[in-house]
1. In segment A:245-382, with Lys and Arg counted as +1 and Asp and Glu as -1 at Cβ, which of these residues, A:I317, A:C270, A:G297, has the Cα nearest the positive end of the dipole, that is, farthest along it?
2. How many partner chain Cβ atoms sit within 10 Å of a residue's Cβ in peptide A:672-682, on average, as a whole number?
3. By Kyte-Doolittle mean hydropathy of at least 0.5 and Cα axial length of at least 24 Å, which whole DSSP H helices of chain A are selected?
4. Counting other C-beta atoms within 10 Å, and keeping those with at most 10, which DSSP coil trypsin sites (Lys or Arg not before Pro) do you find in segment A:161-214?
5. Need the full-extension length gain, A:L477 to A:E136, defined as separation in residues times 0.36 nm minus the C-alpha distance. One decimal, nm.
6. Thinking of segment A:288-417 as a set of Cα atoms, what percent of all their pairs are more than 23 Å apart?
7. Restricting to DSSP H runs of at least four residues, report the calculated mean residue ellipticity at 222 nm for chain A, -39500 (n - 2.57) per run over all residues, nearest 500 deg cm²/dmol.
8. Ignoring any ligand, DNA or RNA, what whole percent of the accessible area of segment A:542-591 comes from carbon and sulfur when the probe is 1.4 angstrom?
Amino acid sequence: MPKDNGIGASTKRREDVRFLTGHGKYTDDINVLHQTYVHFLRSDVAHGKITSIDTAEAAKMPGVVRIFTGADFEGVGGLPCGWQVTDRHGEPMKEPPHPVLAQGKVRHVGEPIAAVVADTLAEARDAAEAIMVEIEDLPAAVDMKAALKDGAPKVHDELSDNLCYDWGFVEENKGAVEEAIKNAAHVTTLELVNNRLVANPMEPRVALGDYNRSDDMSTLYTTSQNPHVIRLLMGAFVLGIPEHKLRVVAPDVGGGFGTKIFHYAEEAFCTFAARQIKRPVKWTSTRSEAFMSDAHGRDHVTKIELALDKDNNFTAIRTETYANMGAYLSTFAPSVPTWLHGTLMAGNYKTPNIYVNVKAVFTNTVPVDAYRGAGRPEATFQLERVIDKAARELGVDPIALRKQNFITEFPYATPVAVEYDTGDYMATMAKLEEIADVKGFAARRAESEKNGKLRGLGINCYIEACGIAPSNLVGQLGARAGLYESATVRVNATGTISVMTGSHSHGQGHETAFPQVVAEMLGIDESMIDIVHGDTANTPMGMGTYGSRSIAVGGSAMVRATEKIINKAKKIAAHLMEASEADIELKDGAFSVAGTDKSVAWGDVTLAAYVPHNYPLEDIEPGLEETAFYDPSNFTYPSGAYCCEVEVDPETGKVTVERFAAADDFGNIINPMIVSGQVHGGIAQGIGQALLENCAYDENGQLLSASYMDYAMPRADDVPFYQVDHSCQTPCTHNPLGVKGCGEAGAIGSPPAVINAVVDALQSGGHKVTHIDMPATPSRVWAAMQG
Amino acid sequence: MAKVTMTVNGKSVSRDVEGRTLLVQFLREKLNLTGTHVGCDTSQCGACVVHVNGEAVKSCTMFAAEAEGAEVTTIEAVENDDGSLSVVQQAFQDHHGLQCGFCTPGMVMTATALLKENPKPSEAEIRDHLEGNICRCTGYHNIVKAIMAASGQDVSSVAAE
Ligand code: FES
Ligand code: FES
């Protein structure tokens, strides 16, 4: 029987009721008395010198409260970068200033130049049209490799060139890798592009800054995945507001996918401007604005080489990647192509020699930062594509080649500095072959061919690193933050519980899943527990939600705090039953004395804690509330195997995804229903990347895909039902729940499966296609078929 | 400014609006019915779908003035009279057809209208009908499944967890 309470139950989500009835409270649903509206005048050129800004006419327009330009921000800090990468030569990356409003120059289409604050949004927009800005156009650096050539236009005049860093990992491996490639029986080489994407959570970003003169308190309501991080970055580094005078609230947030991690100019602006004009200032992004102001994702150009010995064992991997940073360093941008990418290059395979080189490049484009998977999809895509290509070159079965090279013993230390604690790649592959019905493929292909279609099957594996940690290690790697998580468990007098967490839910269902953990530990009903999150005023300092870290890190903090609660509650129970604390057992919501029939209910103990009449006051304090901060000792390593089956129409080049299967190992699972949902969403985003989505710039740096008219989002008829399975479970060995995290896996594991399937289909039709870049649009596929 | 009058969720309402005020702005800003969302500016995401005279309409494609005299229903009035979730709403919860919830009001309004027109839509018909509604979270699997379930179809063979 499936469980109906606690860990492992597919408890239906309690948050659904408010969302289904229109009572969610998203940031744009919040309005504050005397609120003003801001409209940003943004650059429509990629690169240029601002020669003049004349706001005089605009300032006289109806409703205008004040117009701000870069000059108003001269004394204000720029947007900080949260990660400093050290290059191959031991030098720090280049870190140019990132102004809130443009200072002297514009460096990408969409960069805010001026901000009009008015009584209504329509008035702000109308007035912005009356601002006269003169910009002297400069040639733009757009293509990464061209941007590194001598004489290329410089994005930042004060830097020697457009190279942010040249990173080698592990530098000491380089010689051995070269040697292994030289001595290989076979080397497969692949050049590929990991296409630039826009995360596109359905809720556009919103910021509402409020300022209360009576207590000098600023409040920012914002669409963030990590309100405490925003408070720290904005308070300490940008605006100089002490933390106790700054509250950041991220209420219901309509999806994040990474893009709502970062600290953005609009948040700092609204907070700053509200203090200046002493009225609330609200900004709501339009979708078009989102395309040019939300940090983009991916955008790598890579060459990978895989060396094999005569028995097809992998002997070395060498990769060289150009990673686009855009015009400025977004909050965690430098870490994505380096520590979140290079460390994953071993994948699921025991390749002894690996060397990763990454050149991060400034261009006149929107900043690029983490998007669902962040670095790990880029690592997985190139590795799983090159393995597939090698299998085809060698004429061996791609599944067999993978199995032959799987890591089978754990813990396993990779040559790229990480240690996998657990995994069973044979098991997930076997499960995949079963749920994908790989055996039945030949018959399905024959059927497709009868209908004049080509059919292909693509397989790949992935490994992910979640819950990046521990803080002292990431500090050495350049993180300017800790990566712990916090939880306060507040037991109320009647035994109900509020858990204040630093994690943030924006679709992941924490309000449902987190109580399942506490309920299981205490043996009480989930409905007695509520989660409080998203407000710095009533949650302990926490790092928020990204990198599939909430249950592995946030959940662990909650476990630790609940353990403290249990310890104290046992002391109280021992006193109430006049027994020894060591004999007290907690089961099904009651404390009993081992070997006796004495017991007290959970509620009796909690009441005693707050009405301490019969209470060991000399030994313990009244009350029952505990906080824990949890700093993990290692990453967690979810893994899995994915399979995609496509049909290709040889007449048009159109690819349709016919079947998709995913076998994941997430360790222990709290709520299987929610986990499946996370995988589904990730797969759709991966199919989107592989077949539909592309953020395109022209050679002048004009953004060509700036709305849903020209950025193809996956829709319901672009995807099939998915077969997902997470019954292969090798629990994480170093966190108390044995969990690994599941938020990004789908987006990491799916793009190579799709492209492997497309190549398989085309080759089955006799086309000599060995690779096709994403997105595999009909025109690209058709062109590839023409030879 | 001109006065528009319409019936929203069974109540007659009149407000002064500018000619350029969209129906979605009217609902959100004048009536505080913030369950109807705005996810794009090119009429492509469907987060703003409401019913106008019984038909699913993207409320960002219509001026408030064009709804003069109309019967408008928003997500806030979809539940049953006793306050329980409607069949469609309940199916979305039962089958985990929502994550962040932002697309959800539009999805529920679109699905409710579909089932009125076509009480037993096939998977393909549902996917086709959802063309105008984007969800970034769910990968559509559980949305399609929920709509099939809401129409009384057996979804036990559709892959679940
Ligand atoms: S807001 Fe109406 S379709 Fe997107
Ligand atoms: S549930 Fe988040 S967009 Fe659909």
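1. It is A:C270.
2. What the average comes to for A:672-682 is 5.
3. Numbers: long enough: A:376-394 (27 Å, -0.67); A:555-576 (31 Å, 0.01); A:745-764 (29 Å, 0.92).
Sorted by number, the helices that extend far enough and score high enough are A:745-764.
4. Values: sites: A:K174, A:K182, A:R196, A:R205, A:R213; in loops: A:R196, A:R205, A:R213.
Hits after loop and neighbour filter: A:R213.
5. Details: separation 341, 0.36 × 341 = 122.76 nm, distance 4.00 nm.
Extra length from A:L477 to A:E136 when fully extended: 118.8 nm.
6. On the way: 3177 of 8385 pairs.
Here the tail beyond 23 Å accounts for 38 percent of pairs.
7. Values: 19 runs with 199 residues, N = 787.
Dividing the helical sum by the residues of chain A leaves -7500 deg cm²/dmol.
8. Details: 750 of 1740 Å².
In segment A:542-591, the share of accessible area belonging to carbon and sulfur is 43 percent.
The values are calculated or read from the model by the stated rules, or taken from the named source; none is laboratory data. Just so we're clear, the structure is a prediction, and the values are computed from it rather than from any experiment. A quick note on method: Cβ atoms are made from the backbone with ideal geometry, for glycine too, and the neighbour counts reach across all protein chains shown. Please note that ligands, DNA and RNA were not included when accessible areas were found on the heavy atoms of the full protein model with its side chains. Shrake-Rupley method; radii C 1.70, N 1.55, O 1.52, S 1.80 Å.
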